[in-house]
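Structure first, commentary second.
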C-alpha cells in the first residue's frame with residue numbers, strides 16, 4: 001500500500017492526464033482549446049504590463065524615498081498602544097502594496113528575530129492574513145478595463161486592517177510574549 005506522501009506525488013500528473021482526457025471524451029478539441037486559451041492569456045499579460053510596471057515603479061519610489069519609514073513613524077503612536085510591535089509596521093505597510101516586497105520584509109524580520117519568536121510568528125501570520133490590495137486592483141482591474149475602483153480599494157484596505165488586527169489578536173492569544 002503506497003504511503004500518503006507517495007500518493008500525493010501522483011496527484012498533479014494525474015490531473016494533467018484526466019483533464020484533457022475528460023475534454024476529449026466530451027468531444028472538445030483539447031489542443032485547439034488550449035492554444036486559444038494561451039492566446040487569450042498572452043493578450044491579457046500584454047495588456048497588464050503597463051499597470052504592472054507603473055505599480056512596481058511607484059513601490060520602488062515609495063521605499064527608496066524613505067516614505068515607508070516616515071509612514072511607520074507616523075503610525076507607531078497609534079498601533080503600538082494596540083499591541084502592534086513597531087518592528088512589524090514596515091510589513092503591515094508593505095503588504096497591501098507588494099507581495100514580493102512584503103515577503104522580503106517578513107523574511108528580514110524572521111531572520112533578525114528568529115522563526116519561533118513572537119515577531120517571526122506574527123510576521124508569518126500577517127503574511128497569510130492579508131492580501132496585496134493595490135496589486136490586485138492594479139493588475140486584475142486593469143486587465144479587464146475597470147476604471148472606477150474607489151470602493152474596491154477602500155474595502156480591500158479595510159479587509160487588510162482587519163486581517164492585521166486579527167493576526168495580532170491570534171498571535172497574542174497563541175504565542176503570548
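Bear in mind that the values in this text are calculations on the coordinates, not laboratory data. Note that this is a predicted model, so its numbers are computed, not measured. Neighbour counts run over all protein chains shown; Cβ positions are idealised from the backbone, glycine included.
I'd like the orientation of helix 118-129 relative to the chain: the angle between its Cα long axis and the longest Cα principal axis, in ° from 0 to 90, rounded to 10.
Compared with the principal axis, the helix lies near 40 degrees.
In which sequence would 98, 8, 143 go, from the one with the fewest C-beta neighbours within 10 Å to the one with the most? Walk me through the numbers before you get to the answer.
Working: 98 21, 8 10, 143 16.
Listing 98, 8, 143 from fewest to most nearby Cβ atoms yields 8, 143, 98.
Can you classify the range 74-177 as rounded, prolate or oblate using the Cα gyration tensor, where a ≥ b ≥ c are the square roots of its eigenvalues, rounded means a/c under 1.5, and otherwise it's prolate if a/b beats b/c and oblate if not?
Details: a/c = 2.42, a/b = 1.83, b/c = 1.33.
Verdict is prolate for the range 74-177.
Taking the chain as the reference, fit the longest principal axis to its C-alpha atoms, fit the long axis of helix 150-174 to the helix C-alpha atoms, and give the angle between the two in degrees, 0 to 90, nearest 10.
So the helix axis and the longest Cα principal axis differ by about 70 degrees.
To the nearest 500 deg cm²/dmol, what mean residue ellipticity at 222 nm is calculated for the chain from DSSP H runs of n ≥ 4 alone, each contributing -39,500 (n - 2.57), summed and divided by the residues? Let's see the in-between values first.
Working: 9 runs with 130 residues, N = 177.
Using -39500 (n - 2.57) per qualifying helix, the result is -24000 deg cm²/dmol.
Return one number: the angle in degrees, 0 to 90 and rounded to the nearest 10, between the long axis of the Cα atoms of helix 30-64 and the longest principal axis of the Cα atoms of the chain.
For 30-64 against the chain, the angle is about 20 degrees.
Which whole-number percent is the relative contact order of the chain (Cα, under 8 Å, 6+ apart)? Present the calculation step by step, with values, prior to reporting the outcome.
On the way: 128 pairs, mean separation 34.1, N = 177.
19 percent.
Any idea what diffusion coefficient the range 34-134 gets from Stokes-Einstein, in µm²/s, Kirkwood Rh on alpha carbon pairs, 37 °C, 0.692 mPa s? Each step should come with its number before you reach the end.
Details: Rh = 15.2 Å.
Value of D from the Cα-based Kirkwood radius: 216 µm²/s.
Distance between the C-alpha centers of the range 11-57 and the range 91-147? Whole Å please.
First find each Cα centre; the distance between them is then 27 Å.
How do 68, 126 rank when sorted from fewest to most other Cβ atoms within 10 Å of their own Cβ? Walk me through the intermediate numbers first.
Details: 68 19, 126 25.
Least to most surrounded, the residues fall as 68, 126.
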